[in-house]
1. Would you mind finding the longest exposed-site-free stretch of the chain, with exposed GluC sites (Glu not before Pro) meaning DSSP loop and at most 12 other Cβ atoms within 10 Å?
2. Identify, among 84, 51, 100, the residue whose Cα sits farthest towards the positive end of the charge dipole of the range 22-108, taking +1 on the Cβ of Lys and Arg and -1 on the Cβ of Asp and Glu, with the dipole about the Cα centre.
3. Would you mind getting me the FRET efficiency between residue 20 and residue 90? Use the beta-carbon distance for r and R0 = 41 Å, nearest 0.05.
4. Using a 1.4 Å probe over the heavy atoms of the protein chains, calculate the carbon and sulfur portion of the accessible area of the chain as a whole percent.
5. Give me the accessible area per residue for the range 18-108, probe 1.4 Å, as a whole number in Å².
6. Cut-off 10 angstrom, C-alpha nodes, Gaussian network model of the chain. Which of 96, 85, 73 fluctuates the most?
7. Run the dipole for the range 17-108 about the Cα centre, Lys and Arg Cβ at +1, Asp and Glu Cβ at -1, nothing else charged, and hand back the magnitude in debye, nearest 20.
8. Among residues other than residue 39 whose Cβ falls under 15 Å from its Cβ, what is the net charge (Lys/Arg +1, Asp/Glu -1)?
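The values are calculated or read from the model by the stated rules, or taken from the named source; none is laboratory data. Just so it is clear, the model here is predicted, and its values are computed rather than measured. Cβ placement follows ideal geometry from the backbone for every residue including glycine, while neighbour counts extend to all protein chains displayed. These accessible areas exclude ligands, DNA and RNA; they are computed on the full protein's heavy atoms, side chains included. Shrake-Rupley method; radii C 1.70, N 1.55, O 1.52, S 1.80 Å.
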Amino acid sequence: MPSQKQVEERVENISSILAHLRANGAKSRRQLSEELHLSWGCISELSSILIGKGILLEEEVEAVKGKGRKPSVLNFNPKVCFLGVDINIRGISACVCNLFGEKLFSTA
């Protein structure tokens, strides 16, 4: 069982990955590793978890000429949305946004 510190570090690293993708767009695992100064193994493990939960998608990009694996990038799943609700003395309003931060629907 992981220690409390390990759990907190994992949550922090996942938050860093998601914030970086939101701010900078789709990135490869290698790019995330270099830009966030996290090991490739850490990025690979956490991105696999996020892909498994449907939060991220791994998309192939146009192949670079030459040998090797087809490059791929991680990006948010556009089908995943969240609901924000504001309840106050003036009433209730709601907003549905995707993980890119784009507003899809609003009652206000």
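1. Values: sites that count: 62, 102.
For GluC sites (Glu not before Pro) (loop position, at most 12 other Cβ atoms within 10 Å), the longest site-free span of the chain is 1-61.
2. Farthest along the dipole direction, towards plus: 51.
3. Numbers: r = 36 Å, r/R0 = 0.89.
Step by step, r from the Cβ atoms, then E = 0.65.
4. Numbers: 4330 of 7810 Å².
Answer for the chain: carbon and sulfur cover 55 percent of the accessible area.
5. On the way: 6360 Å² over 91 residues.
Spelled out: the 1.4 Å probe surface of the range 18-108, per residue, equals 70 Å².
6. Residue with maximal mean-square fluctuation among 96, 85, 73: 85.
7. Details: 12 positive and 9 negative charges, 34 e Å.
Its charge dipole is roughly 160 debye.
8. Around residue 39, the charge tally is -2.
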